[in-house]
2 protein chains.
Amino acid sequence: MRLINTQQKILIVGLGLLGGSYAKALSKKGFHISAITLDQYSIDFALDKGWIEKGSAFVDTDLLSDADIVVFALYPTIFIDWIQKNQHLLKSGSIITDVTGIKGSVVYTIQDMLRPDVEFIAAHPMAGREVSGVENSDDCIFHNANYIVTPTDKNTPEAIQLCRDLGVILGFSRISTLSPDEHDKIIAFVSQLTHCIAVSLMTCQKTEHLEDYTGDSFRDLTRIARLNDEMWSELFLMNKEPLLQQMKLFEDELTRLRKMLQSDDREGLREMMRYSTARRALFDKKL
Amino acid sequence: MRLINTQQKILIVGLGLLGGSYAKALSKKGFHISAITLDQYSIDFALDKGWIEKGSAFVDTDLLSDADIVVFALYPTIFIDWIQKNQHLLKSGSIITDVTGIKGSVVYTIQDMLRPDVEFIAAHPMAGREVSGVENSDDCIFHNANYIVTPTDKNTPEAIQLCRDLGVILGFSRISTLSPDEHDKIIAFVSQLTHCIAVSLMTCQKTEHLEDYTGDSFRDLTRIARLNDEMWSELFLMNKEPLLQQMKLFEDELTRLRKMLQSDDREGLREMMRYSTARRALFDKKL
């Protein structure tokens, strides 16, 4: 039995790319969605599309006191500030969740300060685009993507289940559960390190007209080098230690490869490539 | 006026993924194609598909003495060995070309040893797949891809033009000309360095079930981590100095990013990300 149903009113705080995609996906499934965001333009856009029924460009007490589930789709620091200032307006018994890409420095902070009659169950929908804003929202980004729920010992089994159900309804193809710390370590590797690499590859030389000589490899490795600098610098800095550890692992491995090349160690290079090929094959099977 | 026409007989030596894709693309356009390769299976496969009219699993003197244009789709060292052993069998006045991914250590060597009545004009079709063999050949890989001709002062304008025409007929969307040394420097960066990065990212940690928590970023950055170890180790080692130089540029840039992270230099990180975003945008425009 699902703990989530279309009778529950869902409020989305922050109508950017992800908030808008949540609104689009959930309204399609018959949920009653409202939204609070900073600018009236985004509210009007979502109202016009039929993704939300009500919306406000200020902290509307009626919308808040009416919401059974609140999804925060804000930058991490703004989310924490918002809870500090406005949590007294949340409905008693409501469940709040989020979309934040880092967990350790957000989940414990929020859970420690939150009213006892409201429960925060965190989630990370691993989906995005290279463009931002509600006008680029698209619920297709959830298909074939992963959704990670990150409960702590402060969470109830019911809220954890409700949060997993939300991922299913949004259309994610794989729902998993990790502790906030496990999550941050894995994300530092699969998401943040890859962005560090893409950015460095894009900026490490100033050659002009590189695009005329580029194959798919370089395009693939730098697709994510086009990114929102405000959000990503915040994600990097709020997950600094795990990210530095993963960067070190990668840098050491690249150095190992470089030394094999320097010493003409053909067999060493081939062995490393065979291992890489075998590991990468696991990913294709999962698609 | 094109210097290439369907009256000229084209022989492909080496029917792997690329040789097979050349045969497929050229036969579709009405050219008479024959092939020499090591195994009878690949010959039979291409004959059966109608990509070649004749083929041989040994060095067939009739096919060689009949060919106006010979395309060598072999590994670099095998290509050089082949020319050493068999160049006396080439038709006088014929033009030979190749598909080799590195140029400096191949082009000068071949041109220096080649008979004066045969001309070698080198080219690099920047296309490939993560799988190999004639059975995976597909001329679609040439669409939206780059084709680089790398003449030296030993080449005639006619042969250079013929080689460029071949790229057009194969269906490449951009044909350019670079010296062998310029080519190797650019390829070290856009192709070989990216493969070093993808392999290192794939092998730097042994975490299992990583694929369950992976977004598109990690998939994109490691797609090319599945590679032919024999070919790629050879390409790396034969382009060692340019590749080591490009690796150093990248490693220094990643270190710069890491130091900004360590010192909480948010503005430095954002500046780097903005530059990366602006540079990457140029690539999208070209698509």
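List of remarks:
- Within region A:140-164, if we keep just the residues that are open to solvent by 10 Å² or more (accessible area, probe 1.4 Å) and assigned to a helix (DSSP H, G or I), the residue that is nearest to B:R280 (Cα to Cα) turns out to be A:I141.
- A:G101 vs. criteria closer than 21 Å to A:F283 by Cα and either in contact (Cβ under 8 Å) with a residue 60 or more places away in the chain or assigned to a helix (DSSP H, G or I) (or both): no
- The single condition among (1) in contact with a Lys or Arg (Cβ under 8 Å, 6 or more places away or on another chain); (2) modelled with pLDDT of 95 or more; (3) closer than 26 Å to B:S27 by Cα that B:P180 does not satisfy is (3).
- Any hit, region B:72-79, residues being over 29 Å from B:A188 (Cα atoms) and either hydrophobic (A, V, I, L, M, F, W, C) or open to solvent by less than 60 Å² (accessible area, probe 1.4 Å) (or both): no
- B:S21 meets all of the listed conditions (1) outside any helix (DSSP H, G or I); (2) in contact with a Pro (Cβ under 9 Å, 6 or more places away or on another chain) but one, namely (1).
- Segments classed as helices (runs of 4 or more DSSP H), wholly inside region B:174-287, with at least 3 members that are open to solvent by 10 Å² or more (accessible area, probe 1.4 Å) and at the interface with another protein chain (Cβ under 7 Å from one of its Cβ atoms): B:216-222, B:229-238, B:240-262, B:266-286
- Region B:32-64, residues that are part of a loop (DSSP other than H, G, I, E, B), surrounded by fewer than 21 Cβ atoms within 10 Å (Cβ to Cβ) and of a type outside the set (D, E, K, R): B:L38, B:G50, B:A57, B:F58, B:V59
- Residue match in region A:156-168 (condition: within 14 Å of chain B (Cβ to nearest Cβ) and in contact with a strand residue (DSSP E or B) (Cβ under 7 Å, 6 or more places away or on another chain)): yes
- Residue match in region B:106-128 (condition: among the small types (G, A, S), surrounded by 24 or more Cβ atoms within 10 Å (Cβ to Cβ), in a loop (DSSP other than H, G, I, E, B) and in contact with a strand residue (DSSP E or B) (Cβ under 9 Å, 6 or more places away or on another chain)): yes
- Filter pass, B:K85 being open to solvent by 30 Å² or more (accessible area, probe 1.4 Å), among the basic types (K, R) and not in a helix (DSSP H, G or I): no
The values are calculated or read from the model by the stated rules, or taken from the named source; none is laboratory data. What you see is a predicted model, and the numbers here were worked out from it, not measured in a lab. All Cβ positions, even for glycine, are placed from backbone atoms using ideal geometry, and neighbour counts span all protein chains on display. Protein only, heavy atoms only, side chains kept; ligands, DNA and RNA dropped before computing areas. Shrake-Rupley method; radii C 1.70, N 1.55, O 1.52, S 1.80 Å.
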